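Peer 1: I have a structure here, written as structure tokens, and I will follow up with some questions on it.
The values are calculated or read from the model by the stated rules, or taken from the named source; none is laboratory data. Keep in mind the model is a prediction, meaning the values are calculated, not measured. Cβ placement follows ideal geometry from the backbone for every residue including glycine, while neighbour counts extend to all protein chains displayed.
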Amino acid sequence: MRFVFLGPPGAGKGTLAGEISGRCGVVHISTGGILRAAIQKQTALGKKVQKVVEVGGLVDDQTVTELVRERVSHEDVVSGFILDGFPRTVTQARCLEDIVPIDYAVSIVVPDDVLVARLTGRRVCSACGSSYHVLFAQPKREGVCDRCRGVLVVREDDKMSAILQRLTAYRAQAEPIVHFYSEREKLVSLNGAPPISDVVLEFQERFAQSR
Ligand code: AP5
């Protein structure tokens, strides 16, 4: 199946996509993850987008769309994919329709106070990008990645000013996108507030039924 995951920063798009892709054999494609990797490597793309990503703004539609067009042309997506963080504008959603059809747009809904608590407590591995939380998803050893032993750091855009900017940017874009997929009868709403194991279970039950 081909999914897009919609939802505000901290909704758990990346965490859920990581769990589901592992269990269902579909590819997890995170535009934010691709952009952060490019910034870390200081590629031409990374240098171009660094400033806007770090302050919590949106990268321009053309740059992100080309990145997705290229990624979904790879052979590994034939078994299905989860697009995490794309589309974020109606322009991107229209472009995606021309690139590849999707089956469902899953809108993950979480109250604002929970989002802020998740984002301010998130820690990411500086080497492999794995995500943790100081309360909800602790590593075995404080400050150290379980997977690769890399150092855990605060994401640049998880500083409070950038969090508020990202939430504002999301609110401005969310409604038209939700409407876009609702009109096409592809929209599914998922409660992202419970613990991640419950969210995964709910997702699996809903989509096992629709297969
Ligand atoms: P992106 O990486 O997509 O960031 P985001 O949308 O702001 O989403 P987050 O990664 O912050 O949150 P998430 O929903 O994935 O939550 P997570 O699972 O990590 O994009 C970053 C930037 O790149 C953008 O701001 C923009 O500049 C640019 N960009 C990317 N795509 C773009 C596009 N299409 N167009 C233009 N620009 C684009 O969870 C958060 C924390 O909560 C974690 O610590 C996790 O452990 C914890 N957690 C998650 N779920 C639960 C749960 N159920 N219970 C308890 N804790 C939980």
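Peer 1: Of all residues in the stretch 146-189, which are among the basic types (K, R) and over 19 Å from the mean Cα position of the chain (by Cα)?
Peer 2: Correct list: R147, R149, R184.
Peer 1: If you don't mind, another one. Out of (1) under 28 Å from E142 (Cβ atoms); (2) surrounded by 15 or more Cβ atoms within 10 Å (Cβ to Cβ); (3) not β-branched (V, I, T), what's the single condition that is false for Y104?
Peer 2: Unmet for Y104, out of (1) under 28 Å from E142 (Cβ atoms); (2) surrounded by 15 or more Cβ atoms within 10 Å (Cβ to Cβ); (3) not β-branched (V, I, T): (1).
Peer 1: Output the residues belonging to the stretch 145-161 that are closer than 19 Å to Q40 by Cα, more than 8 Å from the ligand (Cβ to nearest atom) and not in a loop (DSSP other than H, G, I, E, B).
Peer 2: Within the stretch 145-161, V151, L152, V153, E156 meet the criteria.
Peer 1: Filter the stretch 19-75 down to the residues that are touching a residue at least 40 places away in the same chain (Cβ under 8 Å), closer than 22 Å to S126 by Cβ and among the β-branched types (V, I, T), then identify the one that is surrounded by the fewest Cβ atoms within 10 Å (Cβ to Cβ).
Peer 2: The selected residue is V55.
Peer 1: So, one more: Where the second residue is basic (K, R) and the first is in a helix (DSSP H, G or I) and lies in the stretch 173-202, which pairs have Cβ atoms under 6 Å and are six or more apart or on separate chains?
Peer 2: Pairs that qualify, where the first residue is in a helix (DSSP H, G or I) and the partner is basic (K, R), are Q173/R88.
Peer 1: Among the candidates Q92, Q62, Q42, which residue alone is at pLDDT 95 or above and near the ligand (Cβ under 7 Å from one of its atoms)? Steps first, please.
Peer 2: Details: Q62 fails: near the ligand (Cβ under 7 Å from one of its atoms); Q42 fails: near the ligand (Cβ under 7 Å from one of its atoms).
Step by step, each of Q92, Q62, Q42 is checked, and only Q92 is at pLDDT 95 or above and near the ligand (Cβ under 7 Å from one of its atoms).
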